[in-house]
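Read-outs throughout are calculated quantities, based only on the coordinates presented, and are distinct from any laboratory measurement. Keep in mind the model is a prediction, meaning the values are calculated, not measured. Neighbour counts are summed over all protein chains in view; Cβ atoms, including those assigned to glycine, are modelled from backbone coordinates with ideal geometry.
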Amino acid sequence: MPAENTPAGAHAASLDKGGVHRAAPQRLAQAALRDVPWEVGVAKPDPAIVVDGVTRTFGGLTAVAVDHLEVQRGGITGLIGPNGAGKTTLFNLLTGFDQPNTGTWSFDGRPLGKLAPHQVARLGVVRTFQLTKALSRLTVLQNMLLGAQGQRGESFLRALVPGTWKGQEKANTDKAMDLLRRFKLDAKKDEFAGTLSGGQRKLLEMARALMSDPKVVMLDEPMAGVNPALTQSLLGHVKDLREEGMTVIFVEHDMDVVRDISDWVVVMAAGRVIAEGPPESISQNQAVVDAYLGAHHDAPLTVEEEDQVLAEAEAQIAAEEHGGGEVLGSDVHKETGR
Amino acid sequence: MGDLIDALAVALKAGLGFQAIFFALLAIGINVQFGYAGLLNFGQIAFALLGGFGIAISVSQWGLPFWVGVVVGLAAAVVLALLLGLPTLRLRADYLAIATIATAEGLRLLFRSVSATPVTNGTRGLSSFNGDFISLAPWATNERYRILGTSWSGGELWVAVVGWVLVILACLLVWALMRSPWGRVLKSIREDEDAVRALGKNVYVYKMQALVLGGILGALGGMVYAVGTGSAVPDQYQNANTFLAYAALILGGAARVLGPVVGSIILLFILQFADTGLRLLIDNGIIPEGLLSSTDVAQIRFVLVGVGLMLLLVFRPQGIFGDRREVMLDAR
């Protein structure tokens, strides 16, 4: 893996689509994204994934409504947002596990609409799951071998002729053992995956995804339920993916993690992208703060505003409408905007 | 003591006879579907019915050669598997279970219905279609032979020999498949379909292949049964047989190559031994007539098997061949 590259060469490579995978220097994407304005739907210098007008509704609920989103190639893009913001739904849409109501999205300029999950995976977009899907009653090594692509022995008839797949199986096993050593799971290779701890399963799932030599890795809450020591090693592995030229998109709630590894952060709330920018820009973004904490979380209400809010609330109660925090919050926002 | 040895010999014959082969092939098919791929096929007997009647109708009604009948039966099983799989395999596992259990009952009722009588001969069924097969026996089929303390007719013996060869071939096939990457994908689907999809495997195709393969094995089982009894009657193919095959599979150990075979032998052995043993005890007055009469024996033996299965699940949930660690793992 050519991890060492001169920054100049790296920057040049960032403009050349084909070159990125070969030469993948550190923080290339960060450099490329330096001059990108911090606006929602902004165009990136070298997008791997482009999402256009994707909406997904469940009954009356709009889970995802993304007008335009580009994901920079070779960078780590963090996807954050409060619970129910539509992050996992967006993941499902991008990987074919769910189909949108409207919209198009493409990977490397190739449209991904209407593709089944396995077809998306074969293009090089692999994902992990929020609830880890280790294959419990397979050994760790078997879990890994499943990740390899283009296996001849996975066809029914060729499976009966070991000569056609034995060589490939051996090469895959070597590759799997290399990855397991990297993830410090090699001692467990013959254990059932179901006996691993939660953190080890996260590691296994990530290692298994890497067996397929992906171009894009989508990690759904990779750090959830992982103890702090293991978090550090997981973080290291995610950074390694970037070093190897992969595009990483991950959902995460821990802001320290997001700040630490992301080149770019996309914030979703109520199905929409409400902000994007480098991690340091996000915590100062008013829309993000409002989304997480509600507008007015740190400013005292004036007497008039308080009266208005009270009057509105009472009117709502009188009308027997359901008055939740969101309804109230958006009303306040409207009032102060005047 | 002599009686006991006789009872054991009779039970051993049952454990090695065509009925055990029938259940073994059914259970091997279920093992591929349920044990390895996690598909709930609760209508395996429907495939056996098509296998048996494939031969019976082809030979008796259409006058075709026996081997064409075999091909017809297998083709019918493949078609049924595809018909069942196409709508249900994209859905959750329970939909296949519902569809198969309904199909098994539906097909049996269809085959015994009045409107089907011109083809299937209704409730009386078809017979005299196995002549071509029995005549292939290398020994005289109308004589009786004494083997392991019981007498076998030449025809019975021939069916059993060919049947066990089929079982061995089926086991070799399953063994070869399950050690290959194909089998690994199948086992992974049992664990978690979405994870397998996310790794670029077309889960639907693998499930369909497993359903068809299991269906073909079930059809072979039905053929052995039809040839063994020399007749094909729709009511022989009650769906209870599917669940007896499941019992055999769990007894032997699911997702093990030899599990369904050994399970079937033991199941049939126990059923027959309980039968002859209980009758013996009643005849000798050891069990008083007031407690249990010989007419109840046929039912009570299934109760004994049920109790045995319960004890097995408590003390050895993995079956005879299973790996306890594997079974004790949480499914997810």
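Quick one: check the C-alpha center-to-center distance for region B:194-250 versus region A:190-229, whole angstrom.
Region B:194-250 and region A:190-229 have Cα centres separated by 36 Å.
Once each part is reduced to its C-alpha centroid, what is the distance from region B:1-53 to region A:90-154 in angstrom?
Cα centres, region B:1-53 to region A:90-154: 40 Å.
Work out the charge dipole of the protein assembly as shown with +1 on the Cβ of Lys and Arg and -1 on the Cβ of Asp and Glu about the Cα centre, then indicate which of A:L293, B:I286, B:T88 is farthest towards its positive end.
The residue sitting most towards the positive pole is B:I286.
Ranked highest first by the average count of other Cβ atoms within 10 Å around their residues, in what order do A:41-47, B:67-73 fall?
Details: A:41-47: 16.7, B:67-73: 19.7.
For the peptides A:41-47, B:67-73, the packing ranking is B:67-73, A:41-47.
What is chain B's relative contact order, in percent, from Cα pairs under 8 angstrom and six or more apart in sequence?
The normalised contact order for chain B reaches 32 percent.
Of B:M178, B:M310, how do they rank once you tally other Cβ atoms within 10 Å and put the fewest first?
In order of increasing Cβ crowding within 10 Å: B:M310, B:M178.
Mind giving me the nanometre distance, one decimal, between the label points for B:W67 and A:L157, set 7 Å out from Cα along Cα→Cβ?
2.1 nm
Just order B:274-284, A:208-218, B:259-269 by mean Cβ neighbour count inside 10 Å, highest at the front, would you?
Going from most to least packed, we get B:259-269, A:208-218, B:274-284.
So how much slack lies between A:E244 and A:L61, counting 0.36 nm per residue of separation and subtracting their Cα-Cα distance, in nm?
Full extension of this stretch gives 62.0 nm more.
Just rank B:M223, A:M206, fewest to most, by other beta-carbon atoms within 10 angstrom.
A:M206, B:M223
May I ask you to list the residues of region B:1-22 whose amide nitrogen lies under 18 Å from a point 7 Å from Cα along the Cα→beta-carbon direction of B:N284?
Backbone N within reach: B:1-12.
What list of ³J(HN,Hα) values in whole Hz, one per residue of region B:135-144 in order, does the Karplus curve 6.51 cos²θ - 1.76 cosθ + 1.60 (θ = phi - 60°) give from phi, with Gly and Pro shown as x?
Each residue of region B:135-144 in turn: 5, 6, 4, x, 10, 5, 8, 8, 8, 10 Hz.
Averaged over peptide B:72-79, how many Cβ atoms belonging to another chain are found within 10 Å of each residue's Cβ?
Mean shielding by partner chains, rounded to a whole number: 0.
Cα centroids of region B:259-332 and region B:121-169: how far apart, whole angstrom?
Between the Cα centres of region B:259-332 and region B:121-169 lies a distance of 27 Å.
Can you put B:K201, B:K187, A:K189, A:K170 in order, fewest other beta carbons within 10 Å first?
Listing B:K201, B:K187, A:K189, A:K170 from fewest to most nearby Cβ atoms yields A:K170, A:K189, B:K187, B:K201.
Going toward the positive end of the dipole of the protein assembly as shown, with +1 on Lys and Arg Cβ and -1 on Asp and Glu Cβ, which of A:V216, A:Q308, A:F91 do you reach last?
A:V216
May I ask for the percentage of alpha-carbon pairs in chain B that lie more than 35 Å from each other? Write down the numbers at each step before the final one.
Numbers: 12966 of 54946 pairs.
Considering chain B, 24 percent of its Cα-Cα pairs are separated by more than 35 Å.
Using a 10 Å cut-off on Cβ to Cβ distances, tally the other chain neighbours for every residue of B:175-187 and report the average as a whole number. Spell out each step's value before the answer.
On the way: counts 0, 4, 3, 1, 3, 15, 15, 10, 3, 11, 5, 2, 5.
Average neighbour count from other chains, rounded to a whole number: 6.
Just going by the charge dipole of region B:217-332, with Lys and Arg at +1 and Asp and Glu at -1 on Cβ, which of B:F269, B:V327, B:A226 is farthest out on the positive end?
Working it through, the farthest residue towards the positive pole turns out to be B:V327.
I need the calculated FRET efficiency for the pair A:D178 and B:L313, taking r as the beta carbon distance and R₀ as 56 Å, to the nearest 0.05.
E between A:D178 and B:L313, to the nearest 0.05, is 0.85.
Along Cα→Cβ, 7 Å out, is where each label goes; now give me the distance between the ones at A:L293 and A:E306 in nm to one decimal.
2.0 nm
When the helices in chain B are scored as -39500 (n - 2.57) per DSSP H run of 4 or longer and the sum is shared across all residues, what 222 nm value do you end up with, to the nearest 500 deg cm²/dmol?
-22000 deg cm²/dmol
Between B:L136 and B:R92, what length in nm is gained on full extension when 0.36 nm per residue of separation is reduced by their alpha carbon distance?
Here the answer is 11.2 nm.
Within a 10 angstrom radius of each residue's Cβ in A:139-152, how many Cβ atoms of other chains show up on average? Whole number is fine.
On the way: counts 0, 0, 0, 4, 5, 0, 3, 11, 5, 3, 3, 1, 7, 2.
Across A:139-152, the average partner-chain Cβ count within 10 Å equals 3.
In nm, to one decimal, how far is the modelled label at A:Q119 from the one at B:L304, with both set 7 Å along Cα→Cβ?
So the label points at A:Q119 and B:L304 sit 5.9 nm apart.
Which of the peptides A:53-63, A:72-82 is most tightly packed, and how do the rest follow, judged by the mean count of other Cβ atoms within 10 Å per residue?
Final packing ranking: A:72-82, A:53-63.
Tell me, what HN-Hα J-couplings in whole Hz come from the Karplus equation 6.51 cos²θ - 1.76 cosθ + 1.60 at θ = phi - 60° for each residue of region B:210-215, using x for Gly and Pro?
So the Karplus estimates, Gly and Pro as x, are 5, 5, 5, 4, x, x Hz.
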